[in-house]
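Quick note: the coordinates plus some simple rules give every number you see, no bench work behind them. None of the values given here were measured: they were computed from a predicted structure. Cβ sites come from the backbone with ideal geometry, for glycine too, and all protein chains shown count toward neighbours.
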């Protein structure tokens, strides 16, 4: 967290004390409050595998985790049976909810599943998610109403078994839905009914879901906020289907965080306070920092060994971060050699690899880089790719600004080239005579190419020289990604917000940080901080 977070929380407390801009929260049960998703998945697997084995013999295609997520998760029991069987080309009569378990009807198979579920539940017990329980208690203490909306017909039993029944003010589950004729998810009926029971409008109600069908229901119901919990590493799909914010787990977030996200969604909707985002490549989009570091080490150690003999001081990770990371190749060579007291002629970019010039050594490094890249391949950071796609979907223009002369090749290899609307890299910089980082030239050029002002452009960087360039360029926000556990250094050199990885953050977070920086720069609404000693400092 940063000073901007502190400032936000102080402003929120001043502005509304404990008066929040939402009145109720409605939770799904399985996978949100309780850890029953595995129990359900096991019960469904036993049910369908038995049915398929009896129908097709021993060569049947087993029910899989992906089948569970795609056809069953979050849906009413009988809808789940029908959905999965249709995916296998199997059509059965619906039957009646009182059909005996095992009868060849939708209801008969669904009733087998219920028995299997209760068997597994009785054998394994049930655990709630501690972070969700903490949030529910915090909501109740803050005067916010709480309900549960679930497709499960065992909802009451599960809540009671977990000791949570008294925390929930309304329950709209599979039993209630059958009684009053509510449609299942992805229709919003059960969430709307729960909000109605709590006497709250959808616009002032927050929905928590872990299933795709659930976030679709929340989006269709026009709720104040839809929070997705990506228990199955499906953050991208939840975002694409309607979740406003997504996390693996609620973690240490608070009611104040919910309030912030609801306010942001109301204030800016999907129109952010910035027009462009420019990403560095290595260490931000792609996981090439280690490849570069190895290539540089091989290059410099080879040079130093020849020049100084066996007793030379090897090139280190700290050398990479201090003298090379984020800089154009030849600038990196010059910077490191000067740190060792070695001065060489600059030479020419066409110098043969190994010539005792700055360019000659730089050209060795390029060959080493391509060798390692071809051997090990390249992986993008999933969270950054998700963000880029989200930005593009929201109409925000996206570019890359990198010192690398291999930028185009790396993006193409990673399958990301078409996501970039402009590319200002080492090749372009050389052709245009642009200064390398920490000068802001390549970021300013990328913003100009996109038709955006620096003030309405966000820069993403992982290198000290990169955040320095972002700060010098007067950009709307500089986001530092501390891949090398260098948060303090990135902050000290110009990053406005710093995190280890983009993770589950969203456009709403970016918008909030840009607005805060615009509103008060570095002038905060508090003057002092007092710390306890033991356990704090």
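Observations, loosely collected:
- Highest to lowest packing among 314-327, 336-349, scored as the average C-beta count within 10 Å: 314-327, 336-349
- The long axis of helix 130-141 is offset from the longest Cα principal axis of the chain by roughly 70 degrees.
- Residues residue 236 and residue 134, FRET efficiency given R0 of 22 Å [Cβ-Cβ distance, rounded to 0.05]: 0.25
- Backbone N under 15 Å from the residue 66 label point (7 Å along Cα→Cβ), restricted to the stretch 85-114: 87-88
- With Cα atoms, 0 to 90° folded angle of helix 382-393 axis to the chain main axis: 80
- Looking at the chain, the DSSP beta bridges with both ends there are about 5 percent antiparallel.
- Exposure proxy for 87, 131: other Cβ atoms within 10 Å of each Cβ, ordered fewest to most, give 87, 131.
- Estimated from helical segments only, the mean residue ellipticity of the chain at 222 nm is -14000 deg cm²/dmol, where each DSSP H run of four or more residues counts as -39500 (n - 2.57).
- Computed log₁₀ I(q)/I(0) - Debye formula, equal Cα scatterers, no solvent, the chain, q 0.06, 0.08, 0.10 Å⁻¹: -0.39, -0.66, -0.90
- Tensor-based shape of the stretch 394-454 (alpha-carbon gyration tensor, a/c under 1.5 rounded, otherwise prolate or oblate): oblate
- Helix 77-87 and the longest principal axis of the Cα set of the chain meet at an angle near 60°.
- Contact order relative to length of the chain, as percent, for alpha carbon pairs under 8 angstrom and 6 or more apart: 13
- Spherically averaged projected area in nm², based on the convex hull that wraps the Cα atoms of the stretch 287-360: 4.8
- Distance from the stretch 433-505 to the stretch 313-358 (C-alpha centre basis), Å: 23
- In the distance distribution for the stretch 200-285, Cα-Cα pairs more than 19 Å apart total 46 percent.
- Cα gyration tensor shape of the stretch 135-256, rounded if a/c is under 1.5, else prolate or oblate by comparing a/b with b/c: rounded
- Translational diffusion of the stretch 443-527, µm² s⁻¹ [Kirkwood Rh, Cα pairs; Stokes-Einstein; 4 °C; 1.567 mPa s]: 98
- As a ratio to 2.2 N^0.38 Å, the alpha-carbon radius of gyration for the stretch 37-124 is 0.99.
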